[in-house]
Amino acid sequence: MFFNKFVRTAFLFRVANSWSFNEMACSGKQCSELTRNISYLSQDNAVALDQDLFNEYKFSVDQLMELAGLSVATAINKAFPTSSYNTALIICGPGNNGGDGLVAARHMTLFGYSVSIYYPKRTPKPLYENLLWQCENFGVKIVETLPPPNELKNQYKILVDALFGFSFKPPVRDALKPALEALTESELPVCSVDIPSGWDVEKGPASNNSLKPALLISLTAPKLCSKPEFIKNARHFLGGRFVPPELTTMFEARLLKSSILKKVLEAIKDLLTQATFDCDDNGIQLQAMDNSHVALVSLSLRADGFDKYRCDRNISMGMNLGSMSKILKCAGDKDTVTIKAQDNADTVTFVFESPNQEKVSDYEMKLMNLDLEHLGIPETEYSCTIRLPSAEFARMCRDLSQFGESIVISCTKEGVKFSASGDIGSANIKLAQTASIDKEDEAVIIEMDEPVTLTFACQYLNYFTKATSLSPQVQLSMSADVPLVVEYRIPDIGHIRYYLAPKIEEDDN
Ligand SMILES: NC(=O)C1=CN([C@@H]2O[C@H](COP(=O)(O)OP(=O)(O)OC[C@H]3O[C@@H](n4cnc5c(N)ncnc54)[C@H](OP(=O)(O)O)[C@@H]3O)[C@@H](O)[C@H]2O)[C@@H](O)CC1
Ligand SMILES: [K+]
């Protein structure tokens with residue numbers, strides 16, 4: 001009993017079926033596996049993956065077939081339980097799809113079904129001969145002659161279609177036509193293994209008369225013909241847990257402290273509703289104008305700052321930052337966070353793991369197609385750079401914004417002055433360079449080639465200070481007539497920089 005339960009969870013992932021969605025959704029780990037596997041394979045890809053499993057990953061055919069057949073039996077038992085569907089006829093073809101059917105027959109017998117097999121074109125190889133031998137010894141009945149399709153329902157409650165898999169090339173040859181007709185014309189629910197027989201592996205059913213399965217169990221990965229527009233209302237499972245994770249994931253970035261990513265999001269989400277994360281071998285970059293096109297945000301997270309980083313191909317992921325922030329709020333501060341994406345995927349997955357792996361949760365987020373142009377940021381020599389404690393800067397910006405909408409930053413050899421004025425009066429805060437630097441985080445350091453005085457909108461400076469918790473220090477770089485740069489260095493991993501153009505003093509004329 002326990003074993004049965006175990007194998008069900010271990011080998012079966014549901015792809016698209018409303019009926020036990022909640023069960024899957026709350027079972028943490030399985031959901032991440034589920035999303036990782038949902039990309040559709042062409043016929044060539046399916047054959048290539050098959051070869052990789054044998055050649056690169058050293059699986060044997062009977063190993064894969066056993067796992068495939070077990071997941072088929074498990075899916076059938078879920079969708080068509082023995083309480084209502086106790087008799088099954090499995091129609092087996094000459095290839096490996098038929099072999100999956102022979103394995104499923106044995107497991108279905110153990111699940112309590114009364115199983116018969118129709119196996120018209122037997123392949124004289126020890127693998128198939130042994131599987132058939134095992135079936136016979138497990139009490140599976142071998143049907144030599146098929147009754148007419150309309151009589152099948154007098155003897156069986158379900159049919160299992162293990163006739164053709166991904167190597168089928170239409171049209172079906174005469175010798176196997178009766179087997180296919182039984183599947184298409186019986187009016188019994190049909191459970192198709194990997195590919196509904198007779199369908200084009202990529203283009204789906206050829207006509208309205210093609211097989212309409214009630215259940216499809218994709219093996220390894222769904223093929224193009226299993227897209228929802230083809231399988232319509234059929235229940236759809238993904239079976240066969242033998243795909244090595246590295247085959248399906250092409251981007252993976254892991255941080256032991258999710259808090260860094262949470263803080264990064266806090267630092268940008270009020271300025272940007274959406275942004276593209278550009279990932280390559282060197283790390284993750286984000287560059288975007290704020291929603292009102294006044295400020296520019298530039299984020300850089302180096303690959304070596306992550307605890308694990310892998311990016312097989314450059315990938316740009318457009319994300320809604322509000323949604324991403326909601327997801328990151330679900331992570332505990334001590335959780336590790338892993339961001340994962342598949343090749344050409346339209347989703348990204350966030351996995352949070354508690355310190356002892358007692359709790360693992362994953363969240364899948366839809367990616368967006370953002371057509372955002374990249375703005376080159378020129379390397380600039382600045383007339384002044386001011387480093388000061390980030391909390392001090394945040395407090396000054398907040399305090400001064402009570403007085404007016406703008407802050408004037410004036411850097412001279414005496415120090416730096418932040419001023420604001422408005423209806424209630426005016427305010428000036430002067431900071432001098434720290435005399436001795438005992439505590440670097442608390443130091444004020446001013447480097448000045450030429451004095452500069454510029455005016456900036458308070459509102460934006462206040463947005464920038466949302467990055468305060470990322471770094472104990474902030475650096476302001478200023479030159480006449482170029483945007484101010486407000487930079488927070490994120491320890492050991494990168495930086496976030498905000499660029500803000502100075503306000504032009506209004507001319508009296
Ligand atoms: N890792 C994986 O990927 C795994 C794959 N697995 C399973 O293997 C399946 C693929 O197996 P496969 O390659 O043996 O091909 P499959 O489709 O069963 O049969 C080909 C046979 O059909 C015949 N035939 C073809 N066209 C025909 C026609 N028009 N009319 C009549 N006959 C026709 C063809 O004959 P031939 O043309 O060679 O004379 C040949 O004998 C896959 O779908 C999955 O179920 C799992 O077991 C484990 C993991
Ligand atoms: K099939």
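Note on the chain: antiparallel DSSP beta bridges, both residues inside, total approximately 80 percent of the bridges counted.
Backbone phi angles across segment 474-481, fed through the Karplus curve with coefficients 6.51, -1.76 and 1.60 (θ = phi - 60°), yield HN-Hα couplings of 10, 10, 9, 10, 9, 9, 4, 6 Hz in residue order; Gly and Pro are listed as x.
First check a/c for segment 139-253, with a ≥ b ≥ c the square roots of the eigenvalues of its C-alpha gyration tensor; if it is under 1.5, answer rounded, and if not, answer prolate when a/b is larger than b/c or oblate otherwise. List each step's numbers first, then the result.
Numbers: a/c = 2.14, a/b = 1.80, b/c = 1.19.
The shape class here is prolate.
Considering only segment 74-215, what is the antiparallel percent among its DSSP beta bridges, to the nearest 5? Here the share of antiparallel DSSP bridges comes out near 5 percent.
How tilted is helix 390-400 with respect to the longest principal axis of the chain? Cα atoms for both, answer in degrees (0 to 90, nearest 10). The angle comes out near 70 degrees. Shape index of segment 249-366: Rg/Rh, with Rg the Cα radius of gyration and Rh the Kirkwood radius from the inverse mean 1/r over Cα pairs, equals 0.95.
In the chain, taking the dipole from charged Cβ atoms about the Cα centre, the farthest positive-side position among SER421, ILE195, GLY101 is held by GLY101. Per residue, the chain reaches -8000 deg cm²/dmol at 222 nm when only DSSP H runs of four or more residues are counted, each adding -39500 (n - 2.57). The lysines whose alpha-carbon is closer than 19 Å to the alpha-carbon of LYS262, local same-chain residues fewer than 8 away aside, are LYS308, LYS326, LYS329, LYS334, LYS340, LYS359, LYS366, LYS466. Computed from point charges on the beta carbon alone (+1 for Lys and Arg, -1 for Asp and Glu), the dipole magnitude for segment 305-344 about its Cα centre is near 60 Debye.
Listed by chain and number, the lysines placed with their C-alpha closer than 19 angstrom to that of LYS503 are LYS417; residues fewer than eight positions away on the same chain are left out.
Could you work out the percent of alpha carbon pairs in segment 384-500 separated by over 24 Å, rounded to a whole number?
20 percent
The peptide list 230-239, 89-98, put in order of mean Cβ contacts within 10 Å with the highest first, becomes 89-98, 230-239. Once you have all Cα-Cα distances for segment 100-177, histogram them in 5 Å bins from zero and send the whole-percent values. With a bin width of 5 Å, the distribution comes to 3, 13, 23, 25, 20, 13, 3, 0.
Put one equal scatterer on each alpha carbon of the chain, apply the Debye formula with no solvent term, and list log10 I(q)/I(0) at q = 0.09, 0.12, 0.13 1/Å to two decimals. Those come out to -0.72, -1.02, -1.14, one per q. Straight-line cross-link reach from LYS227 at under 17 Å between alpha-carbon atoms covers these lysines, not counting any fewer than eight positions away in the same chain: LYS203, LYS212.
None of the figures in this text is laboratory data; all of them are computed from the coordinates on show. Since the structure is predicted, the reported quantities are computational estimates derived from the model, not experimental observations. Every residue, glycine among them, receives a Cβ derived from its backbone with ideal geometry; neighbour counts consider all protein chains shown.
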